[in-house]
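Novice: Please read through the structure below; I'll follow up with questions.
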Ligand SMILES: Cc1cc2nc3c(=O)[nH]c(=O)nc-3n(C[C@H](O)[C@H](O)[C@H](O)COP(=O)(O)O)c2cc1C
């Protein structure tokens, strides 16, 4: 399948997802000899536009994992501001090396529901924003090598594809269970 452009799309409050998505999108664009554009919807003013894609676009869509899911406050933006219209997509999550739990499958399903066709997916560990002692220095040199190989393989896969495949298989619960709800020491629901 001939792709004519790669988009790197992300929400990234502390920059991990931005770095990973940008590297993957750049790698795919270079390998496929097409242009690459970044669409960063981290700031509220960048969440007003609705982006519409076409079947010859490949969208690398990245989100961080919060409490095992994609950030709940950002879910409406992911659902409403990006219209696949048949574009190929690669859901990517970064997580603080605890677990990505249902984050990746939630992102995959949301993109599929918005008219994207997911062809590859990945979860990459990155320094946890809660503490520099959790996953320090990640992605590290080894991770960047894996990230770059992933981009090359994804570009090859898109290039060799003759028809739209089934949604990419990822680990996680489908349907998703309820959100994690922190409890106070009393065992009651904690209010924020
Ligand atoms: C509120 C919150 C919840 C998080 N929950 C998880 C989690 O469940 N599992 C995990 O491995 N990392 C978790 N993390 C860490 C982030 O997923 C990780 O640091 C991510 O790379 C941050 O991406 P960003 O730099 O693009 O914002 C959490 C971070 C925050 C702020």
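Novice: Just grab the label-to-label distance for residue 47 and residue 142, each label 7 Å out from Cα along the Cβ direction, in nm (one decimal).
Specialist: The answer from the label model is 3.6 nm.
Novice: For labels at residue 38 and residue 113 in the simple 7 Å Cα→Cβ model, what's the distance in nm?
Specialist: My value for the distance between the label points is 2.9 nm.
Novice: Taking neighbour Cβ counts within 10 Å as the exposure measure, how do 59, 129, 20 sort from fewest upward?
Specialist: 129, 59, 20
Novice: In what sequence do 85, 106 fall when counting other Cβ within 10 Å, fewest first?
Specialist: 85, 106
Novice: Could you list 57, 156 so that the one with the fewest beta carbons within 10 Å of its beta carbon is first and the one with the most is last?
Specialist: Lowest to highest Cβ neighbour count: 156, 57.
Novice: Ignoring solvent entirely, what values of log10 I(q)/I(0) come out of the Debye formula for region 5-160 at 0.10, 0.18, 0.21 Å⁻¹ when each Cα is a single scatterer?
Specialist: -0.31, -1.04, -1.42
Novice: Computed FRET efficiency, Cβ-Cβ of residue 99 and residue 162, R0 41 Å: what is it to the nearest 0.05?
Specialist: 0.70
Novice: State, to one decimal in nm, how far the label point of residue 134 lies from the label point of residue 153, with both points 7 Å from Cα in the Cβ direction.
Specialist: My value for the distance between the label points is 2.7 nm.
Computed from the coordinates by the stated procedures, all read-outs in this text should not be read as laboratory data. Please read these numbers as outputs of a predicted model, since none were measured by experiment. Quick reminder, even Gly has a Cβ in these numbers, built from the backbone with ideal geometry, and neighbours come from all protein chains shown.
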